């Protein structure tokens, strides 16, 4: 079933040209979906599009900064036109974006960047896809929170924690607002997945902090990238057709909320 579960569906992935976003795009294509990518890195976009099209996938992409609401709407409308509507949004663009962890080092520009990309970017993308999903009488939106927005993290700073906590509120309120149209909205809250960017941050931690992170994970190991991709695609798929307004924690047991 999984091999064809996105057949005939268009999935928009923000931040889809790198890290977790690119891994999600590859698996969506593998499972029969049409892939729309929004990212800021033209070179990375070209590489992902070339790879997926060579494998027979239907792919289109746009260079977009998700902080620009008008540009987001224009790009998503264009992708809907070229790919035949929109069924799913996976709003993976975000993160700490290379900003410092410690408050003394965080500038106002750092704060604005993290809040704008994570919170405003997610909002703008959701706002842009909803009219297309209404035309289809349903859809699925997956937002990205984080363990860092649900508990104090030794890896990321206050702006990231605030932004990812805000995503959970955005997700629940949006789920309530659009549920009547058959649109589901859920959040994924990953633990520390060591993509290239986060691997560098993790390596810069003190040995004490690294030990603290690992010792707090009951499964006793760092995750593989697929262990974030698979839960995201579960929430996006019809297998989660009666799940909305939830936050799915994927952290090896490091955080066990009530």
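Taking residue 43 as the residue in question, decide whether it is on the phi < 0 side of the Ramachandran plot, surrounded by 15 or more Cβ atoms within 10 Å (Cβ to Cβ), modelled with pLDDT of 95 or more and not in a strand (DSSP E or B).
Criteria not met by residue 43.
Do we find a residue being crowded, with 20+ Cβ neighbours inside 10 Å, at pLDDT 95 or above and closer than 28 Å to residue 213 by Cβ anywhere in segment 127-139?
no
In segment 13-40, what residues are buried (at least 22 other Cβ atoms within 10 Å of the Cβ), out of contact with any helix residue (DSSP H, G or I) (no Cβ under 7 Å at 6 or more places or on another chain) and part of a loop (DSSP other than H, G, I, E, B)?
Selection gives 33 alone.
Residues of segment 215-251 being part of a loop (DSSP other than H, G, I, E, B), under 21 Å from residue 143 (Cβ atoms) and touching a residue at least 24 places away in the same chain (Cβ under 8 Å), which ones? Quick ask: steps written out before the conclusion?
To start, the set of residues in segment 215-251 that are part of a loop (DSSP other than H, G, I, E, B) comprises 216-225, 237, 241-246, 251.
Then keep just the ones that are under 21 Å from residue 143 (Cβ atoms); that gives 223, 225, 237, 241-246, 251.
Result: 223, 225, 237, 241, 243, 244, 245, 246, 251.
In segment 46-62, which residue that is touching a strand residue (DSSP E or B) at 6+ places or on another chain (Cβ under 7 Å) and touching a residue at least 24 places away in the same chain (Cβ under 8 Å) is surrounded by the fewest Cβ atoms within 10 Å (Cβ to Cβ)? Working first, answer last.
To start, the set of residues in segment 46-62 that are touching a strand residue (DSSP E or B) at 6+ places or on another chain (Cβ under 7 Å) comprises 48-49, 52-53, 57-62.
Subset that is touching a residue at least 24 places away in the same chain (Cβ under 8 Å): 48, 52, 57-62.
Numbers: 48: 25, 52: 21, 57: 18, 58: 16, 59: 23, 60: 19, 61: 24, 62: 18.
Result: 58.
Being in contact with a strand residue (DSSP E or B) (Cβ under 8 Å, 6 or more places away or on another chain), under 22 Å from residue 170 (Cα atoms) and at pLDDT 90 or above is the filter here, so list the residues in segment 188-233 that pass it.
Taking segment 188-233 as the starting set, the residues that turn out to be in contact with a strand residue (DSSP E or B) (Cβ under 8 Å, 6 or more places away or on another chain) are 188-191, 223, 227-228, 231-232.
Going one step further and asking which of them are under 22 Å from residue 170 (Cα atoms), we end up with 188-191, 228, 231-232.
Listed by number, the residues that qualify are 188, 189, 190, 228, 231, 232.
The values are calculated or read from the model by the stated rules, or taken from the named source; none is laboratory data. Everything numeric here is computed off the predicted structure, so don't read it as measured data. Neighbour counts are summed over all protein chains in view; Cβ atoms, including those assigned to glycine, are modelled from backbone coordinates with ideal geometry.
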